[in-house]
Every structure is written in C-alpha cells, then in structure tokens.
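Some notes on the structure that comes next.
The values are calculated or read from the model by the stated rules, or taken from the named source; none is laboratory data. Just so we're clear, the structure is a prediction, and the values are computed from it rather than from any experiment. Cβ sites come from the backbone with ideal geometry, for glycine too, and all protein chains shown count toward neighbours.
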Amino acid sequence: MDIFRKLEAAAKRKKKTIILPESYDPRVIEAARIILKRKLAKLILIDTGKSIKLPENEDLDIIDIGFAEQFAGEYKELRSRKVRGFTHADAEKALTDPLLFACMLLKSKYADAVVAGSVYSTGNVLRSAIQTVGLSKGNRTVSSFFLISFPKQHKLSQRVFAYGDCGVLPNPNAEQLSDIAIQTSLNFKKLTGIKPKTAFLSFSTKGSAKDLSTEKVLKAMHLTRRRMPGLVCDGEIQFDTAFMPEVAKRKDPKGKLRGAANVFIFPDLNAGNIAYKITERIGGAVATGPIVQGLALPVMDLSRGCNAADIVNMCVIAAMD
C-alpha cells in the first residue's frame, strides 16, 4: 500500500501553507524543492540572514526574522501568565528564535502548520508549540505516533501501521496511555482510511506475567474501552500475539485482535522509541514521525536523523491535520 501516494494526492487538493523554520538546513531546502515541484503545499521559510538557495515560486514566501518583533506584545502576554516578570524585551529576544517565530505565525493564521525538528530537539519543538498554540480543547495529553509503511519490494508493502507514543511522554500513566491510544487510533483512521485495531503492548499476554507495568497497561485498555466503546482494542498483549494470527490462536484464542492489530500502543517511551528504530533500520520500514497530536494547531516534529524525503512526508501529513 503506497499510503503516501494517496496522501500526496489529497495534499495537492488541500494546498495548505506550511512553515519550515529550519531554512538553513540543506535537507530542508532539498525538501522544499521537492514540495514546490510536486505542488504539495505552499511554503513559508524564515530568513535568518543565511542564504536560502531556492528559485522564486508563487507558492513560496520567505519572511525575514526581523518581522517577529510585531509579535512581541502578544508573546509577552502569553508568557507573563506563566513567568513572573517576563518583559517586552524578553519577548523580543525570545522571538529571534526561528522556531518560536514560526509558531507565532501559525497562531496568527499566517499558515496552517509548522514542520520542524531536523535541527531542533523534540523538547524544543514541543515547548515552542505549547507556549504559543497550546493544547486542543478538552485535551490533557500531548503525545506522538509514527506512521509505519514499507517499500514496494517488502513483504509488508500492502500494510501500514501506527506506533505510539515513540517521541514525547517518557512514562505515561494509565490515563495518559488511554489518551495516546484514542488519539493515535483516530489519527490512523483519518490518515489511512483503515479501521484501527489497537493493541496495548506488554511483555505479558492476558496475565501471563504480572507487575506494575502490566497493571498499568491493562487499566489503560479498560479505560479506553469505556471512553471509546466502538474501538477494537485489546491488551495487555505481546507483540507477536497482536501481529501474528498463528501466534494469537495459541496465546490468545478468545482475543479481539486475532493477530490483526495495526495500531500498537507501547507502555513507555523506551519501548516505543527502540521499537520504531528497529522496525526502520533492521525491518526496512519507512517511519514517518513523530507525528505530534493533542495540540490546538498542527506543529509537527522531525527526527534529527531525517532526510529530505522524511521532511516531505511530514509536510504531507501536516497538510492532512
């Protein structure tokens, strides 16, 4: 399943405006060339005084970092609610950061999304987003997931998966794990059109082992069933039982997933981060993310090990949000 071919077609129709604040990164410039050539989105780049080597294009705007000064008053108001003594001068200084400036542009409706993280850390991206656009209404948890797909020659080329959370919350509690599961399942359906079948992963399957971590996973699963009764989900469950029908028949014959899970919820960030990188580097998958969820407006994070194709894919995802 070439999921990105379908998503690119949708992105072309939507023609969203996306800000790429790391315009000094060669990978970002290469991604911008591809996006503009394929007409996947309109782009805004931040001019920080370093050369941006892109030809003129009707779908490209380059905004000088000096323009950030006009947001100083608004940003001061935002931060002074949290930081006592935060001044207008403090705001002006903070807004010399291209990422923060990009988030303020997004908040002020100059664009539809921000994609960053090729240079900035996930912590930087999330802090800037939370300080400016904030969380979505009624939401308590900011998390992320990876969309996992495979090249044509791979035996899993017709399948696509979601892994959550692999980039944000180090040790989510049961309530947060339930939030992650619901957000990831809904976004998986939105992006792929495929009905989510969600596995709450553990080293245990249905009580084969017990400790505090398995109890947390089980509680999160029960919470999710109460909050979203229409979602097909099960746990606690081992990966092979969730993924392989022949294993599910032996280990969990009465389970709801029967080896057909496509959304995998990891018990903590250690497990999720390790798993997606193994899937990508040894398994040959394309891991797009971390796709941030739970914010009021789309601010998407990149892995600092990303390439230009990864940035293009993330911009396509951002256009769908």
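Numbers below:
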{"item": "Residue in the stretch 252-265 that is surrounded by 17 or more Cβ atoms within 10 Å (Cβ to Cβ), of a type outside the set (A, V, I, L, M), touching a helix residue (DSSP H, G or I) at 6+ places or on another chain (Cβ under 9 Å) and in contact (Cβ under 8 Å) with a residue 60 or more places away in the chain present", "result": "yes"}
{"item": "Residues satisfying the stated conditions in the stretch 1-58, i.e. in contact (Cβ under 8 Å) with a residue 24 or more places away in the chain, more than 16 Å from A113 (Cβ to Cβ) and in a loop (DSSP other than H, G, I, E, B)", "result": "M1, D2, Y24, D25, K39, T48, K50, I52, K53, L54"}
{"item": "The stretch 214-240 residues that are in the same structural domain as K197 (by TED's automatic domain parsing), paired with ones that are of a type in the set (D, E, K, R) (beta carbon under 6 Å, 6 or more apart)", "result": "T214/E236; V217/E236; L218/E236; V232/K197; V232/K256; D234/K256"}
{"item": "Among the candidates D240, D234, D268, residue that is closer than 19 Å to S144 by Cβ, at pLDDT 95 or above and among the charged types (D, E, K, R)", "result": "D268"}
{"item": "Meets criteria (without any contact (Cβ under 8 Å) to a residue 40 or more places away in the chain, in the same structural domain as L106 (by TED's automatic domain parsing) and closer than 20 Å to S128 by Cβ) for V83", "result": "yes"}
{"item": "Among the candidates L191, L186, residue that is free of Cβ contacts under 8 Å to residues at least 60 places away in the same chain, of a type in the set (A, V, I, L, M) and within 20 Å of M314 (Cα to Cα)", "result": "L186"}
{"item": "Count - residues of the stretch 33-44 that are over 12 Å from I62 (Cα atoms) and touching a strand residue (DSSP E or B) at 6+ places or on another chain (Cβ under 8 Å)", "result": "3"}
{"item": "The stretch 1-24, residues that are hydroxyl-bearing (S, T, Y) and within 16 Å of A309 (Cα to Cα)", "result": "S23"}
{"item": "Unique match (being modelled with pLDDT of 95 or more and under 15 Å from the mean Cα position of the chain (by Cα)) among V286, V292, V299", "result": "V299"}
{"item": "Residues (part of a loop (DSSP other than H, G, I, E, B), among the β-branched types (V, I, T) and closer than 22 Å to G138 by Cα) located in the stretch 156-211", "result": "V168"}
{"item": "Test: residue in the stretch 119-126 that is assigned by TED's automatic domain parsing to the domain that holds D310, assigned to a loop (DSSP other than H, G, I, E, B) and over 21 Å from the mean Cα position of the chain (by Cα)", "result": "no"}
{"item": "Any hit, the stretch 74-81, residues being farther than 11 Å from F101 by Cα and at pLDDT below 90", "result": "yes"}
{"item": "Any hit, the stretch 269-284, residues being of a type in the set (A, V, I, L, M, F, W, C), touching an Asp or Glu at 6+ places or on another chain (Cβ under 9 Å) and not assigned by TED's automatic domain parsing to the domain that holds S185", "result": "no"}
